[in-house]
Structures are given as C-alpha cells and as structure tokens.
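Read the figures in this text as sums done on the coordinates, not as results from a lab. Note that the structure is a prediction, hence the values are computed from the model and not measured. Every residue, glycine among them, receives a Cβ derived from its backbone with ideal geometry; neighbour counts consider all protein chains shown.
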Amino acid sequence: MAKDLHELLMENDDIRRYFISLPVRIQLTAHHENDMLNTAEKLHRYIDLMTKRNPDR
C-alpha cells in the first residue's frame, strides 16, 4: 500500500491518469489531504465527495 497520495500516483498509471484528468482545483484540494489518500478507494471517495459538494467542478 502507498504511504500517501504522491506515492499512489507514482505507483499506479491508471490512478495517475484519472487524477490528472480532474480539474486543477480538485487536484490541489486533494493534495492537502496527501497523507490520508493512500489508496484508490480513498481517493475516489474523496473526489466523489468534493464533486458532490461542488458540482460545477
């Protein structure tokens, strides 16, 4: 398991492609939670939460 978001993105090409397809504002917000977003599931849940709160992304 990755230790943080940065490591997750470096280890997984699919997750990295998904992440860079997101709006920059969402990417920056996710980086603030770097230590907690260490699995694909946690990242997807976090992004789902962010986009539901801010539907205009």
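Legend: translational diffusion of the chain by Stokes-Einstein, Rh = Kirkwood radius over C-alpha pairs, 10 °C, 1.306 mPa s; D = 142 µm²/s.
Considering helices alone, the calculated mean residue ellipticity of the chain at 222 nm is -19000 deg cm²/dmol, with DSSP H runs of length four and up weighted by -39500 (n - 2.57) and normalised per residue.
Seen from LYS3, the other residues with C-beta closer than 14 Å to its C-beta sum to a net charge of -4, counting Lys and Arg as +1 and Asp and Glu as -1.
Stretching the chain fully between MET1 and GLU33 yields a gain of 9.9 nm (0.36 nm per residue, less the alpha carbon separation).
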